[in-house]
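What follows is a short report on a single structure.
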Amino acid sequence: MLNRRELFQLTAALAVTGTLSRATEAAPASSHAFTKPLSPSNAAEAHLLWAKLHGDLSGRTVYYFTQGSVWGFLPQGDDVKLEDFARLIYGYSGVAARKMIKQADGSITMRQKSWAFYRDPISDEITDKIPNPYTGKTDTAAPMLGKASERQLNTTATSVVSPADKAEAKMPYDMRIRRLGSHAWITTSSFARFQTPGISWFKLEGNFEDYACLTADLDNPARTHIPNTVAHNLVAEWQTWTGMHGMPGHILFKGNGAPLSNAEEIPVDSIAAIERFSPGSLAEVMAWDR
């Protein structure tokens with residue numbers, strides 16, 4: 001899923017390859033112990049699995065909904081009070097629509113569009129005004145509205161780079177698979193160093209995602225989409241709009257989500273916010289499957 005610059009966009013680099021069975025050979029279904037964590041045997045398999053979690057290779061548009069909260073943390077110290085150590089800053093939610101289109105030559109084109117919104121930390125209502133518990137000020141935080149885009153995805157991946165990150169990311173993207181009987185988890189980690197427009201410093205982020213699914217779905221090569229839920233954590237420095245650059249501490253995005261069956265399952269308040277801040281854009285995406 002995700003650094004905060006492109007939160008909920010989740011852009012992917014895919015690769016079409018053979019089945020995952022060689023890289024993810026399962027323990028018997030009757031096993032009640034964790035199997036040894038396995039990694040896909042090559043980058044192409046890792047990207048293909050990521051794509052099946054977030055999209056559908058049949059061409060059906062998938063709407064992936066995520067939600068969560070962002071916490072601020074101060075460095076530990078003898079003089080830090082417990083109530084100052086961790087503070088809830090705001091909530092968030094978002095939707096990423098993604099359509100995978102297989103081409104005649106075996107390559108894949110991905111069409112995508114995303115919408116993400118801040119939420120009041122107390123009422124959970126969608127808002128663009130965030131009371132900052134550290135500065136005492138109310139910050140303005142505009143919704144993150146990704147532009148509709150289309151790109152040709154990599155089908156010959158030879159090195160594992162985070163499929164969701166365009167930033168400088170020299171540390172390798174890591175994907176591990178664990179099984180517990182009929183359940184399976186795919187855990188990923190990625191790290192980025194980047195600079196955004198308007199600032200003079202570089203930012204660092206660590207992104208961690210845990211996908212839960214059924215072992216039978218994971219091991220079925222005919223599956224074009226793997227139903228799943230995700231738990232997401234991202235560690236980063238204070239966001240630029242808070243005006244807190246240089247202050248000791250960091251923020252933690254703590255979220256979860258799942259792919260929806262269709263656009264009608266998007267929560268009502270999110271649909272209303274999409275129409276308010278980006279009128280007509282959801283209808284345009286829904287027309288992708290007509």
- Item | All helices (runs of 4 or more DSSP H) inside segment 191-290 with 2 or more residues being within 20 Å of the chain's Cα centre (by Cα) and surrounded by 12 or more Cβ atoms within 10 Å (Cβ to Cβ) | 268-277, 281-286
- Message: Looking at the structure I just gave you, is Lys52 surrounded by 15 or more Cβ atoms within 10 Å (Cβ to Cβ), in contact with a Phe, Trp or Tyr (Cβ under 6 Å, 6 or more places away or on another chain) and either more than 17 Å from Ser270 (Cβ to Cβ) or of a type in the set (Gly, Ala, Ser) (or both)?
- Response: no
- Item | Search result, residues across segment 149-179 that are modelled with pLDDT of 85 or more and surrounded by 15 or more Cβ atoms within 10 Å (Cβ to Cβ) | Asp174, Met175, Arg176, Ile177, Arg178, Arg179
- List every residue pair whose Cβ atoms sit under 9 Å apart, with the two residues 6 or more apart in sequence or on different chains, where the first one lies in segment 231-255 and is closer than 17 Å to Ile130 by Cβ and among the basic types (Lys, Arg) and the second, anywhere, is at pLDDT 95 or above and surrounded by fewer than 19 Cβ atoms within 10 Å (Cβ to Cβ). Lys254/Ser69; Lys254/Trp71; Lys254/Ala231; Lys254/Asn233
- Message: If Lys81 meets every condition in (1) over 30 Å from Ile226 (Cα atoms); (2) surrounded by 12 or more Cβ atoms within 10 Å (Cβ to Cβ) apart from one, which number is that one?
- Response: (2)
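The values are calculated or read from the model by the stated rules, or taken from the named source; none is laboratory data. Since the model is a prediction, treat every value here as computed from it, not as a measurement. Please note: Cβ atoms are built from the backbone with ideal geometry, for glycine as well, and neighbour counts cover all protein chains shown.
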